[in-house]
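Each remark here refers to the structure printed beneath this line.
The values are calculated or read from the model by the stated rules, or taken from the named source; none is laboratory data. Given the structure is predicted, the values throughout are model-derived calculations rather than measurements. Neighbour counts are summed over all protein chains in view; Cβ atoms, including those assigned to glycine, are modelled from backbone coordinates with ideal geometry. These area figures cover heavy atoms from the full protein model, side chains too; ligands, DNA and RNA do not enter into them. Shrake-Rupley method; radii C 1.70, N 1.55, O 1.52, S 1.80 Å.
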Amino acid sequence: VGLILAEPVRADRDYPPFRRAMMDGYAVVVADAGRTIDVVGEVAAGQAPALTVAPGACASIMTGAPCPEGAEAVVKREDVTLSGRRVALPARVAAGQHIAARGSECEAGALTLEAGMSITPLVVAVLTTVGRREVRAFAPPRLAVISTGDELVEAGRQPGEAQIRNSNGPMLAALSRLAGLPEPDQLHALDTLESLEGTLQRASRADIILLSGGVSAGRFDLVPQALRRYGAEPVFHKVTQKPGKPLLFATRGRQLIFGLPGNPLSSHFCFSRYVRPAARKMMGQPPLSAVYSGRLSEPLRVKSARTLFVLARATEAGGGAWSLRPLLGQGSADIFASAGANAYIRLPVGDHDLPAGATQEFLWIGGSQWPSSLT
Ligand code: AMP
Ligand code: MG
C-alpha cells in the first residue's frame, strides 16, 4: 500500500463472473408477476444452481448467489408473502431487477487499473479480485545515511566532553520512514579522506546516499574531495537558501548523493526540500507537494539574503484556514525551539516586518498534514 503501480492490470474474467443476485429473495420469471407460485429450491452464495426456473416455479436465492437458468428477475424477500412452499409475488416485476448481469462491472480483458495509480486498500481489493498476487510497482529507493564527524557518538553511548550524540542519523531515518522509504542503512565516517571514501564504498549499493556534515568551508570538511575520489560527479554545491546553504548534490552512475550540511535543522530542511522529492520521483509519485497559505499568529521580523524557510507550527483556525506560529530558534543548530514544528513558512529574499495576521505561504514538513498520531 502507498506504492505506485508500474503496470496496467486487466480483468482475468467477467465481473461478476455469473449473473449475481443482489438481494436475498426469489429468482422468478417476469410473467409470474402478481401470481402465487411454487418455491422449487434454494441457491446459496457459492453454489452453482442445480435447478432451473420456469413459469409457475421460483427459487429462493441469497445475495451473491448465481441466478438459476430461466430466472429473469429477483424479487426481494420483503416484497413477497410466503405461505408454506408458495410465494405471492408483487404485481410488477421488472426484467433484470436485482440481478447484476455477467460482465456488467467489467469484462474479461478490460483494463481495471492503470500504471501510475497509487496502491490503496481498494486497489488491493481489485488486484485480489482479478487473481493478482504479485504486481509490478515502483520500488522505493534504498538509502544509506553516512553521518560524518569526529565529534559524533552513537545514541546510547556517553559522549565525552567535546563530543555530541549523532542526532542527524536517526532524524534522517525518521524522515525517510515518513516519506514511505525503507529504513536506511546507518554508517559513520570520521573526518578523514580515507574514512569517508571507505564509508562511501560501503554505501555504494544504495540508490541514494545521504551524507550529513563535512560540506561547509571548514578545514575538515572533506566530503567534496572524498566524493571526487569515490568517482562521483558534482552537480551543484551551495544553494541560496536558509537553512541549508552548503548543500551539495552529486551523482555516480544512477546513484544520487546528497551532501547535507551537518547542522540538524539544515539537514532536516534539505531532506524535505530535495531528498524527499527525488525519492518520490523515483517511486513514480509527483515530487513536489502543494503550497498552502496561512496567517501568522504573531508578528515575524526577519531579514535574509537567501530564500528563507522558517519552521512553524500550523494549526487549524476554523473554516479551512491555517494559523502559523513561527518557531525561531537560535539558528540552524538549535533543534529545541523548533521540535514542535510541522511546517515551513517560505519567505523570499529581503527584509520582512510582518504583522500578526499577515498571510504567508507554507509547506508541510513531510509534504502533507501529519496523521493525528504524529501531532
Ligand atoms: P559540519 O557541517 O560537519 O560542519 O557540522 C555542522 C554542525 O553540525 C557542527 O556543529 C556539528 O557538530 C553538527 N553536526 C554534524 N553532524 C551531526 C550529527 N550527525 N548530529 C548532530 N549534529 C551534527
Ligand atoms: Mg563535521
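Whole number in Å², please: accessible area per residue of the stretch 187-303, 1.4 Å probe, ligands, DNA and RNA not counted. Display every interim value, and only then the final one.
Details: 5620 Å² over 117 residues.
Per-residue value: 48 Å².
With every protein chain left in place and a probe of 1.4 Å, what is the accessible surface of Arg102, to the nearest 10 Å²?
Using a 1.4 Å probe on the heavy atoms, I get roughly 150 Å².
In debye, nearest 20, what is the charge dipole magnitude of the stretch 254-340 about its Cα centre with +1 on Lys and Arg Cβ and -1 on Asp and Glu Cβ, if you could check?
Numbers: 11 positive and 3 negative charges, 62 e Å.
Around 300 debye, computed over the stretch 254-340.
Considering only C-alpha atoms, what is the centroid distance from the stretch 154-200 to the stretch 257-308, in Å?
What the calculation gives is 20 Å, centre to centre.
Per DSSP helix of 4 or more residues, -39500 (n - 2.57); summed, then divided by the residues of the chain. What does that give at 222 nm, rounded to the nearest 500?
Working: 6 runs with 52 residues, N = 375.
One gets -4000 deg cm²/dmol as the mean residue ellipticity at 222 nm.
Report the residue, chosen from Gln285, Gln163, Gln47, that carries the largest GNM mean-square fluctuation when the chain is represented by alpha-carbon nodes joined by springs under 10 Å.
Gln47
If you count only protein heavy atoms and use a 1.4 Å probe, how large is the accessible surface of Ser60, to the nearest 10 Å²?
10 Å²
Taking Cα atoms, how many degrees apart are the long axis of helix 193-202 and the longest axis of the chain, rounded to 10 and kept between 0 and 90?
Helix 193-202 sits at roughly 10 degrees to that axis.
For Arg346, Arg10, write out the residues from largest to smallest accessible area, computed with a 1.4 angstrom probe and no ligands counted.
Arg10, Arg346
Just the number, please: percent antiparallel of the DSSP beta bridges in the chain, rounded to the nearest 5. Working shown, then result.
Values: 52 of 79 bridges.
Looking only at bridges with both residues in the chain, the antiparallel portion is about 65 percent.
With the full set of protein chains in place, find how many percent of the accessible area of the chain is carbon and sulfur; take the probe as 1.4 Å.
That share works out to 52 percent.
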